[in-house]
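Since the structure comes first, as structure tokens, the remarks are kept for the end.
The numbers here are math on the coordinates, done by the rules we state, and not lab data. Quantities reported herein were computed from a predicted structural model and do not represent experimental measurements. Glycine also receives a Cβ, built like all others from the backbone with ideal geometry; neighbour counts cover every protein chain displayed.
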Amino acid sequence: MDIEHRYKMIFLSLPDKISKIVGDLDTIKVERLNSKKNLVFDLSVEDSSDTLQKDYILKYYRTKNADIEFTTLSHLYKQGLDVPSVISYEKPFLLLEKIDGINLCDFINEPLHKISEISELESEMRKKIIKSIDMLASWLTDLHKRNIITHKDLEKTIVLNKGDTRLRDFIIQMDNKMVYGLDFEEAYEGNHIDDLAWICCSLIDTKPGLFELDEPYHKIELMNEFLKHYYKINNDFTFSFSYFAEALINNLNIVIKRRGLNVGKLDKKRILNNITSNF
């Protein structure tokens with residue numbers, strides 16, 4: 001088992017049910033994945049009976065949010081949303097199906113380096129990037145419309161939010177035209193615009209974005225496309241630009257604090273000027 005010595009004790013303390021699924025520790029290939037809050041491992045297990053390789057994601061929680069993620073994932077999977085299935089759960093361990101594909105953050109951002117507008121992309125790549133944004137909007141529409149809590153005030157429709165919703169929380173399979181949502185430990189009931197503001201924050205703060213470019217026009221274009229498509233297919237909900245603008249700025253300030261960036265005071269007008277308020 002190729003893993004740091006300090007993490008071996010975690011695997012030695014696996015509950016019996018998970019240990020039986022995973023099998024012999026000496027035959028497991030382990031890769032630790034980036035995660036600031038918990039320990040997350042990519043497991044490749046070779047089944048000796050049929051020599052097929054089975055891949056799992058194992059989460060070891062150091063936070064108190066394990067029950068939230070387990071309950072939310074189980075609920076959404078039963079609803080038919082595209083999320084990983086729960087293989088086994090015994091706190092603080094959660095064993096999940098591994099979803100193959102490309103991380104959406106990388107898929108979107110890698111082609112955008114050295115350009116300033118989406119129109120500069122080669123036609124086929126431009127279509128793929130815009131399609132991926134539309135697929136993400138569709139995924140969030142499904143999450144929100146299937147989990148409405150209150151719908152009396154259209155600008156304040158309360159839904160199940162994914163919470164702290166970042167581009168890296170999604171895997172895209174372009175060939176299958178599917179997007180999968182990951183990481184639900186911050187899920188909560190709140191204004192549907194909260195998730196939208198976090199996605200737009202992630203679009204604009206990931207490289208190349210607001211902190212590298214004076215005017216990240218391509219990211220503004222994608223933000224507008226994302227919001228436009230969301231409300232096009234989810235026209236029962238109403239967009240509040242004032243709520244969105246405040247949430248976006250608050251989120252950017254959270255990101256600045258997380259990263260310890262020294263960027264001075266955010267110019268709200270510069271950020272919001274090119275975001276349309278009509279959807």
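Could you tell me which of A245, I28, I233 has its Cα farthest along the dipole of the chain towards the positive end, charges placed at Cβ (Lys, Arg +1; Asp, Glu -1), taken about the Cα centre? Farthest towards the positive pole: A245. Apply the a/c threshold of 1.5 to the C-alpha gyration tensor of segment 5-97 and tell me whether it is rounded, prolate or oblate. Oblate, since a/c reaches 1.5 and b/c is not below a/b.
When you filter the GluC sites (Glu not before Pro) in segment 163-256 for DSSP loop state and at most 16 other Cβ atoms inside 10 Å of their Cβ, you are left with E212. Along the axis of the charge dipole computed for the chain (Cβ charges of +1 for Lys and Arg, -1 for Asp and Glu, origin at the Cα centre), the listed residues P15, N224, A137 are led at the positive end by N224. Assign one of three labels to segment 102-272, namely rounded, prolate or oblate, based on the Cα gyration tensor with a ≥ b ≥ c the square roots of its eigenvalues; rounded applies when a/c is under 1.5, prolate when it is not and a/b is larger than b/c, and oblate otherwise. Oblate shape, in that a/c is at least 1.5 and b/c is the bigger or equal ratio.
Each of D106, D134, D183 has some number of other Cβ atoms within 10 Å of its Cβ, and from fewest to most they run D106, D134, D183. Loop-located trypsin sites (Lys or Arg not before Pro) in segment 242-279 (DSSP state not H, G, I, E or B) with no more than 11 neighbouring Cβ atoms inside 10 Å: K265.
Taking the Cα centre of the chain as reference, the dipole from Cβ charges on Lys and Arg (+1) and Asp and Glu (-1) amounts to some 800 debye.
Classify segment 88-198: rounded, prolate or oblate, from the alpha-carbon gyration tensor (a ≥ b ≥ c, eigenvalue square roots; a/c under 1.5 rounded; otherwise prolate if a/b is larger than b/c)? Judged from the Cα gyration tensor, segment 88-198 comes out oblate (a/c at least 1.5, b/c at or above a/b). Taking Cα centre as origin and charging only the Cβ of basic (Lys, Arg, +1) and acidic (Asp, Glu, -1) residues, the dipole magnitude of segment 25-156 rounds to 660 debye.
What angle do you read, to the nearest 10 degrees and between 0 and 90, between the alpha-carbon axis of helix 241-259 and the longest principal axis of the chain? Relative to the chain, helix 241-259 is tipped by roughly 50 degrees.
When only the Cβ of Lys, Arg, Asp and Glu is charged (+1, +1, -1, -1), the dipole of segment 5-97 relative to its Cα centre reaches about 620 debye. Put in order of Cβ neighbour count within 10 Å, fewest first, the listed residues H218, H75 become H75, H218. Remark: relative contact order (the chain) = 15 percent; criterion is Cα-Cα distance under 8 angstrom and separation of 6 or more residues.
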